[in-house]
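Participant: Submitted below is the structure of interest, expressed as structure tokens.
The values are calculated or read from the model by the stated rules, or taken from the named source; none is laboratory data. In this text the structure is predicted, and so the values were computed from the model without any measurement. Virtual Cβ from ideal backbone geometry, glycine too; neighbours counted across all protein chains shown. Keep in mind that these areas ignore ligands, DNA and RNA; they rest on the heavy atoms of the full protein, side chains included. Shrake-Rupley method; radii C 1.70, N 1.55, O 1.52, S 1.80 Å.
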Amino acid sequence: MRSLRLKSQRWRWHQTPPPTSEPLHSWLTERQSLTDRLRSICEEFRVVVRQSRFEKVCPDETLLLVGHRHQRATALVREVSLVCDGRPLVFGHSILLTRKSGLLAQSFKQMGDRSLGSMLFARPDIRRGALSFKRMDRQHALYAKSVAAFGEEPPPFFWARRSVFTLQSERVCVTEVFSSKLAAVSA
């Protein structure tokens, strides 16, 4: 069972993006600000903060941020729903291994109901790593949180993407899970 669970946690890196026939393909592979793109299709856009607190993070997130999986790291975790015209369309899960004096840590703690993307894409000194993708099923730790965020009947899977943003020695891992309703809204 352990090997099955670890296998379900794996992400596909940019060399193997979702098929172009996937209705959410252009959203998953978008390199610019997802917040800006959502605002362009909404009359009313808002960010709903679901939680912002310190907690232990998933082993695959620890691996991305610290380079090993031996112990689960404690990080500042911020979870939000990106809501377009009253419909939650993206669930955002961001983690930051914080140094209290770091620029990202300071910004992260003062975000309130602003989107993380509005800060990350406004600073030219922040670098974005490669995108990775996942068909996130019930075995993934973020699946149940995504169902709750979208308030919809649980599908067999959600498409998700992940990348790491870096500013000096600080790194923030951003995972975005997409509601299947996004394809209909943006068509």
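Participant: Taking all protein chains together and a probe of 1.4 Å, list Phe150, Phe54, Phe45, Phe157 from the most accessible to the least accessible.
Facilitator: The residues order as Phe54, Phe157, Phe45, Phe150, largest area first.
Participant: Also, quick follow-up: Rounded to the nearest 0.05, what FRET efficiency is calculated for Arg46 and Ser26 with R0 set to 22 Å and r the Cβ-Cβ distance?
Facilitator: In this case the efficiency is close to 0.45.
Participant: Continuing with the same structure: Compute the projected area of the convex hull of the Cα atoms of the stretch 96-149, averaged over all viewing directions, and report it in nm² to one decimal place.
Facilitator: Averaged projected hull area, Cα only: 5.3 nm².
Participant: Still on this structure, please answer the following. Out of the total accessible area of the stretch 94-187 (probe 1.4 Å, heavy atoms of protein only), what percent is carbon and sulfur?
Facilitator: The C+S portion of the solvent-accessible surface of the stretch 94-187 is 53 percent.
Participant: With point charges of +1 on the Cβ of Lys and Arg and -1 on the Cβ of Asp and Glu, referenced to the Cα centre of the stretch 73-178, which listed residue (Ser118, Phe150, Met136) lies farthest in the positive direction of the dipole?
Facilitator: Ser118
Participant: Given R₀ = 22 Å, FRET efficiency for Asp36-Arg135 by Cβ-Cβ distance, to 0.05?
Facilitator: Rounded to the nearest 0.05, the efficiency is 0.30.
Participant: Could you give me the percent of Cα pairs per 10 Å distance bin for the stretch 45-159, shortest bin first, beginning at zero and ending with the bin that holds the maximum distance?
Facilitator: Bin by bin from 0 Å, the calculated values are 12, 40, 39, 9, 0.
Participant: For every other residue with a beta carbon closer than 14 angstrom to the beta carbon of Cys42, add +1 if it is Lys or Arg and -1 if Asp or Glu, then tell me the sum.
Facilitator: +1
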